[in-house]
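Worksheet: one structure, shown below.
The values are calculated or read from the model by the stated rules, or taken from the named source; none is laboratory data. Keep in mind that this is a model prediction, so the values were computed, not measured. So basically every Cβ, Gly included, is an ideal-geometry build from the backbone, and we count neighbours across all protein chains shown.
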Amino acid sequence: MAAESLLARLEAISRERPDRVLRLCGSLPPLEAEGSPETCELVIYRGFSSSTTHPTAFDPDAPVLPPGAVFDQADLLEGPLNPAAEQVLVAAVSPERFAEPEAWL
């Protein structure tokens with residue numbers, strides 16, 4: 001599943017689960033032809049995605065990710081997120097695992 005369509009699916013599911021936060025970790029394509037991919041992190045909560053590592057547009061309809069973004073790991077957290085006392089429910093699994101509502105516990 002392409003990152004953009006997976007992201008849209010995960011955002012839709014998260015609207016129904018305000019007690020969960022999904023953190024995605026992966027990489028963005030290099031800015032320069034000879035550069036290396038950049039590490040990125042995205043959190044999804046209540047239907048919205050936000051990057052914790054890169055600036056995003058203020059417009060909620062603007063894509064959060066550039067083309068070519070890849071996510072290879074996901075963590076399901078108890079929401080709302082409290083960085084001082086993070087509660088991880090499921091750690092380090094494939095993001096595709098959360099494409100079905102039942103996986104959000």
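Side notes on the structure shown:
- Test: residue in the stretch 20-27 that is surrounded by fewer than 17 Cβ atoms within 10 Å (Cβ to Cβ), assigned to a loop (DSSP other than H, G, I, E, B), of a type outside the set (D, E, K, R) and modelled with pLDDT under 95: no
Condition check ((1) more than 13 Å from the chain's Cα centre (by Cα); (2) surrounded by fewer than 15 Cβ atoms within 10 Å (Cβ to Cβ)) across all residues:
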residue	(1), (2)
57	yes, yes
60	yes, yes
72	no, yes
79	yes, no
84	yes, yes
91	yes, yes
95	no, no
104	yes, no
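- Selection status of residue 65, part of a loop (DSSP other than H, G, I, E, B) and surrounded by 13 or more Cβ atoms within 10 Å (Cβ to Cβ): yes
- Identity of the residue in the stretch 33-49, in a strand (DSSP E or B) and hydrophobic (A, V, I, L, M, F, W, C), that ends up surrounded by the fewest Cβ atoms within 10 Å (Cβ to Cβ): 48
- Filtering the stretch 2-55 to residues that are touching a residue at least 40 places away in the same chain (Cβ under 8 Å) and more than 14 Å from the chain's Cα centre (by Cα) leaves 16, 17, 18, 19, 29.
- For residue 98, the conditions (1) of a type in the set (Phe, Trp, Tyr); (2) touching a Phe, Trp or Tyr at 6+ places or on another chain (Cβ under 8 Å); (3) farther than 21 Å from residue 2 by Cα all hold with the exception of (3).
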